[in-house]
Ligand code: BES
Ligand code: ZN
């Protein structure tokens, strides 16, 4: 037996599922998806085949001729879910699972009409990364087990289905009052990139290959914010080579979407908190686009290699930013990232295994493991490689890396082998081993500086001496400037200082969610009560974990706001995505 991924029950020696045929109906009345999944094997197999499931109700498993197959659901594991063992007859090429998802499916969020922008129709969306695909489809839920799929999804006729796949025909469903939408995903994806959303959705073209989908109420704002998507796509192709996924569409989600963005192929999902009205947060779109190469073409083999996905993608995102907005913008972004990394390392402890690039997360829940380390330490490592060999040579290396491993899922060791072969001597020269398997941030990490950055940090550093930034000048600062400044300030201030900042710059009324969250966390850490109402309303509006976690942590961290943390959570927990709810429960439980 070989289970190559500690987060999956799949044993790839038993057989490989290489294609899926889905025929599913979405039932809003019971919060279930029900129907059939036919799993096709890469080569005929026989005997036991283990699949991943989580909270699935399996009604039957059938052979290709329709006969019943013996199956067994094992003991549920709190992290991995429940293994489904199917007994295949010799020479089986496919089989069908008849099943229903649970209302508690960890990937799915079922929204009441009141939780949507329009307020009239329900909404459903999935978030499968890291290991939640198994709560929607029975599958070998490891990035090592890629599959193509066809899907037919039936929904109430007023609603539209979108998937991370190529849309096909839509027509009347078998049951009255329903419609069936068809999709095909001809490129093999890892299961975590399986995605669907159902709601009152409309779209607008933004370029020859891109279109934005969202609810009608958010269409105009969304189309304006991301109007430059085509420029990003062209810039990205120059750096990484041709875009192989045909279209790059995206969906602006309801506010409870737990992430900033998710790189679902052909249909990136984005949080509406990016709609700042000034295009200042579009880097998240660049990031998800960059995953089209680093992540979706070259995929991490397991969650222990997650830095290959995210470190390369943050590096790629910042190369796109540099191309579109210049070096200064990139340096500021890198500096903001480095601040985040330093606080993550500080909170884990500089010798913590959580600060390694390659991790050993067997037995742990990847959602609990999630941190900035693979992103920002990964970015610095890739940037160091680039700095060491020079841009020209490194760009050729990156293109070859992507070509070599396209549509493959690779381990950190495979990456290192390729690196050694292509850039001999370089890994040893920069101590790649220490970067990848060591803790903390190595001393040879590249520095990103800019005159602007130094000036802003300088102004923040003299705060404790009583110096204050020039009010007129600070009112002209860009959102990045503000983030740098707020992050560089002492994170606990006196009530007078909080009142001064808020009085002069109206931070509590900020429309930019990044600045708002930085300010509110700092104000809460300072015990500054006038922000409590805004914190309460913000935590009731958004479900993005990047904001929920620091704010709940700050509330819970202060004795006097601890009860408030629990009260706000109780009032809002039912409107958070299951993944976000779990994350906050861990904060409040401790
Ligand atoms: N793939 C991630 C989101 C993710 C990671 C979901 C792990 C579940 C498990 C996505 O590409 C991402 O990194 N999003 C970031 C934005 C980015 C600019 C750093 C986010 O959501 O904040
Ligand atoms: Zn990412």
query: Consider residue 234 against the criteria (1) away from ligand 2 (no atom under 16 Å from the Cβ); (2) free of Cβ contacts under 8 Å to residues at least 24 places away in the same chain; (3) under 19 Å from the mean Cα position of the chain (by Cα): it satisfies all of them except one. Which criterion is unmet?
result: (3)
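One line per residue, one yes/no per condition, for (1) away from ligand 2 (no atom under 13 Å from the Cβ); (2) within 30 Å of residue 489 (Cβ to Cβ); (3) in the same structural domain as residue 111 (by TED's automatic domain parsing):
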{"residue": "283", "(1), (2), (3)": "no, yes, no"}
{"residue": "305", "(1), (2), (3)": "yes, no, no"}
{"residue": "314", "(1), (2), (3)": "no, yes, no"}
{"residue": "322", "(1), (2), (3)": "yes, yes, no"}
{"residue": "333", "(1), (2), (3)": "yes, yes, no"}
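What strands (runs of 3 or more DSSP E) completely inside region 133-215 contain at least 2 residues that are closer than 30 Å to residue 3 by Cβ?
Numbers: elements: 147-156, 160-163, 166-172, 178-189, 196-199, 202-205, 211-214.
The strands (runs of 3 or more DSSP E) meeting that bar are 147-156, 178-189.
Find the helices (runs of 4 or more DSSP H) located wholly in region 454-567 whose residues include 1 or more that are farther than 30 Å from residue 111 by Cα, and list them. Walk me through how you get there before you give the answer.
Values: elements: 471-474, 479-488, 495-505, 513-525, 532-541, 545-557.
Filter on region 454-567 gives 471-474, 479-488, 495-505, 513-525, 545-557.
So which of 294, 271 is under 23 Å from residue 483 (Cα atoms) and within 14 Å of ligand 2 (Cβ to nearest atom)?
Working: 294 fails: under 23 Å from residue 483 (Cα atoms).
Sole residue among the options that is under 23 Å from residue 483 (Cα atoms) and within 14 Å of ligand 2 (Cβ to nearest atom): 271.
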query: Does region 99-119 include one or more residues that are at pLDDT 95 or above, away from ligand 1 (no atom under 16 Å from the Cβ) and either under 25 Å from residue 188 (Cβ atoms) or not assigned by TED's automatic domain parsing to the domain that holds residue 44 (or both)?
result: yes
Residue identified as in the same structural domain as residue 345 (by TED's automatic domain parsing) and in contact (Cβ under 8 Å) with a residue 24 or more places away in the chain among 441, 483: 441
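Every residue, every condition in (1) buried (at least 23 other Cβ atoms within 10 Å of the Cβ); (2) more than 19 Å from residue 492 (Cα to Cα); (3) under 20 Å from the mean Cα position of the chain (by Cα); (4) at pLDDT below 95, yes or no:
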{"site": "522", "(1), (2), (3), (4)": "yes, no, no, no"}
{"site": "527", "(1), (2), (3), (4)": "no, no, no, no"}
{"site": "530", "(1), (2), (3), (4)": "no, no, no, no"}
{"site": "535", "(1), (2), (3), (4)": "yes, no, no, no"}
{"site": "540", "(1), (2), (3), (4)": "no, yes, no, no"}
{"site": "547", "(1), (2), (3), (4)": "yes, no, yes, no"}
{"site": "550", "(1), (2), (3), (4)": "no, no, yes, no"}
{"site": "555", "(1), (2), (3), (4)": "yes, no, no, no"}
{"site": "558", "(1), (2), (3), (4)": "no, no, no, no"}
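Take residue 285 and tell me if it is assigned to a helix (DSSP H, G or I) and more than 10 Å from ligand 1 (Cβ to nearest atom).
Details: assigned to a helix (DSSP H, G or I): yes; more than 10 Å from ligand 1 (Cβ to nearest atom): no.
So residue 285 fails the test.
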task: Among residues belonging to region 246-268 that are assigned to a loop (DSSP other than H, G, I, E, B), away from ligand 2 (no atom under 16 Å from the Cβ) and more than 14 Å from the chain's Cα centre (by Cα), point out the one that is farthest from residue 283 (Cα to Cα).
output: 246
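List the strands (runs of 3 or more DSSP E) inside region 56-120, counting only whole elements, that have at least 3 residues being farther than 29 Å from residue 262 by Cα.
Numbers: elements: 57-63, 71-73, 82-100, 108-111.
Fully inside region 56-120 and qualifying: 57-63, 71-73, 82-100.
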task: Identify, from the list 508, 478, 449, 492, the residue that is under 26 Å from residue 319 (Cα atoms), out of contact with any strand residue (DSSP E or B) (no Cβ under 8 Å at 6 or more places or on another chain), surrounded by 13 or more Cβ atoms within 10 Å (Cβ to Cβ) and touching a residue at least 12 places away in the same chain (Cβ under 8 Å).
output: 478
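Rundown of residues vs (1) surrounded by 16 or more Cβ atoms within 10 Å (Cβ to Cβ); (2) free of Cβ contacts under 8 Å to residues at least 60 places away in the same chain; (3) touching a helix residue (DSSP H, G or I) at 6+ places or on another chain (Cβ under 9 Å); (4) over 18 Å from residue 240 (Cα atoms), yes/no style:
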{"position": "383", "(1), (2), (3), (4)": "yes, no, yes, no"}
{"position": "394", "(1), (2), (3), (4)": "yes, yes, yes, no"}
{"position": "397", "(1), (2), (3), (4)": "yes, yes, yes, no"}
{"position": "402", "(1), (2), (3), (4)": "yes, no, yes, no"}
{"position": "405", "(1), (2), (3), (4)": "yes, no, yes, no"}
{"position": "411", "(1), (2), (3), (4)": "yes, no, yes, yes"}
{"position": "414", "(1), (2), (3), (4)": "yes, no, yes, yes"}
{"position": "417", "(1), (2), (3), (4)": "no, yes, no, yes"}
{"position": "420", "(1), (2), (3), (4)": "no, yes, yes, yes"}
query: Which condition breaks for residue 301 when tested against (1) under 28 Å from residue 220 (Cβ atoms); (2) surrounded by fewer than 24 Cβ atoms within 10 Å (Cβ to Cβ); (3) touching a strand residue (DSSP E or B) at 6+ places or on another chain (Cβ under 6 Å)?
result: (1)
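Would you be able to say whether some residue in region 410-423 is in contact with a strand residue (DSSP E or B) (Cβ under 7 Å, 6 or more places away or on another chain) and assigned by TED's automatic domain parsing to the domain that holds residue 342? Working first, answer last.
From region 410-423, those in contact with a strand residue (DSSP E or B) (Cβ under 7 Å, 6 or more places away or on another chain) are 410; that's our starting set.
Imposing the further condition that a residue be assigned by TED's automatic domain parsing to the domain that holds residue 342 reduces the set to 410.
Checked region 410-423: at least one residue is in contact with a strand residue (DSSP E or B) (Cβ under 7 Å, 6 or more places away or on another chain) and assigned by TED's automatic domain parsing to the domain that holds residue 342.
Among the listed residues 236, 290, identify the single one that is within 13 Å of ligand 1 (Cβ to nearest atom), closer than 20 Å to residue 399 by Cβ and out of contact with any strand residue (DSSP E or B) (no Cβ under 8 Å at 6 or more places or on another chain). Give the derivation first.
On the way: 236 fails: within 13 Å of ligand 1 (Cβ to nearest atom).
Of 236, 290, the one residue that is within 13 Å of ligand 1 (Cβ to nearest atom), closer than 20 Å to residue 399 by Cβ and out of contact with any strand residue (DSSP E or B) (no Cβ under 8 Å at 6 or more places or on another chain) is 290.
The values are calculated or read from the model by the stated rules, or taken from the named source; none is laboratory data. Please read all numbers here as calculations on a predicted model, not as lab measurements. Ideal geometry is used to build each Cβ from the backbone, glycine not excepted, and the neighbour counts take in all protein chains shown.
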